[in-house]
Amino acid sequence: MKTFLFLLLAASAMADDVKDARERVLRQFFEGRSVTVHIDMPASSKGIDLRIGQPEPLEAGKHSRRLVETGVSVREGTRILITRINLKDDLIEFHLGGGGFNPIWNGSGTVSPTYGKTSREKRLEDYLRRERDPRRRRELKRDLDRERDRRRRDERRSREIADATNEIRRERDRDRALAMGSRFNLRFERAVPLGAATPDGVMELLSPFVDFSGLPGGEVYSRRRPDGPAMDGPDDQYEAGALRAGMSRSEVGNLLGPAEREDSRTEGDLHKAVAIFRDGGRRMELTFVNGILVQFKELR
């Protein structure tokens, strides 16, 4: 029995080592590179679920509901940075531009209104229960009614303040979500197959939704966009080493010059700026988060 348990633990440890090694390969290949998406992506860490092995991997209804519920953080045609790859037992997570907003980890939380009897109200109730003198009971009852009215007014004010504060926080979270990217979740019925947990495997599975041109071997998995010509490079309009997600604001300035217009805001430790640049005859919208270019697109 001890030998069996030892072999079982050894096999489990070996499997974990293999999975970790496969994950390192995926991260080394993808993370820090940029791709172009062929589909609108929700402003949520739930991202887009792809059920690998199913006739229709993408559930259109589910995807549409997420877009309606959260808004769109990554627009179709956007070139964006791959920020994280996670390999799990039956799942590959492919994070873009931060991986998406998670209300538990990234949310502002909520404020609850103050409810409940005051200490004075409780004392008056106790005095009233024990008092036997009719005149004194009437006085205590009047004091208790006034205290209850005051407490109810305070509760109404507390509800109004909490509602207003929570609405501000929800609006702040919506703005943060639009700047935090999204993700693809490659979901398998059982363990992730060896062939899927490779750069080629991931690119093949995501090729209907992501253009990998510019990545080593990625041209094999590029496709024609529904409304345009084939995309043959990191972005046909740019030479290699030019505009790309992950550049600093100063690098973009050196490449394109000053912005024509810029809207920016700061929420906590997150600073988002959306700026319009002119590149020759084209106008480009660039999104920066904390001074790093996370996505860009041509304005039509």
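The values are calculated or read from the model by the stated rules, or taken from the named source; none is laboratory data. Since this is a predicted model, take the numbers as computed values, not measurements. In this analysis, Cβ positions are derived from the backbone assuming ideal geometry, glycine residues included, and neighbour counts consider all displayed protein chains.
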Would you mind stating whether Gly291 is loosely packed, with under 14 Cβ neighbours inside 10 Å, in contact with a strand residue (DSSP E or B) (Cβ under 9 Å, 6 or more places away or on another chain), at pLDDT 85 or above and not assigned by TED's automatic domain parsing to the domain that holds Gly97?
no
Could you run through segment 107-142 and say how many residues are of a type outside the set (Val, Ile, Thr) and either touching a strand residue (DSSP E or B) at 6+ places or on another chain (Cβ under 9 Å) or outside any helix (DSSP H, G or I) (or both)?
11
If we ask which residues in segment 143-186 are within 30 Å of Ile82 (Cβ to Cβ) and either β-branched (Val, Ile, Thr) or in contact with a Pro (Cβ under 9 Å, 6 or more places away or on another chain) (or both), their number turns out to be 4
Hey, could you check segment 51-110 for residues that are loosely packed, with under 13 Cβ neighbours inside 10 Å and among the β-branched types (Val, Ile, Thr) and say which is nearest to Phe212 (Cα to Cα)?
Val68
I'd like the full set of residues that are surrounded by 15 or more Cβ atoms within 10 Å (Cβ to Cβ) and either modelled with pLDDT under 60 or not in a helix (DSSP H, G or I) (or both), limited to segment 230-266.
Met231, Gly233, Pro234, Asp235, Tyr238, Leu243, Arg244, Ala245, Gly246, Met247, Ala259
From the list Ile104, Ile161, Ile82, exactly one residue is β-branched (Val, Ile, Thr) and assigned to a strand (DSSP E or B). Which is it?
Ile82
Report yes if Arg152 is over 30 Å from Thr266 (Cα atoms), assigned to a helix (DSSP H, G or I) and either among the acidic types (Asp, Glu) or without any contact (Cβ under 8 Å) to a residue 40 or more places away in the chain (or both), otherwise no.
yes
Quick one: Phe94 ticks every box in (1) outside any strand (DSSP E or B); (2) in contact with a helix residue (DSSP H, G or I) (Cβ under 7 Å, 6 or more places away or on another chain) bar one, so which box is it?
(1)
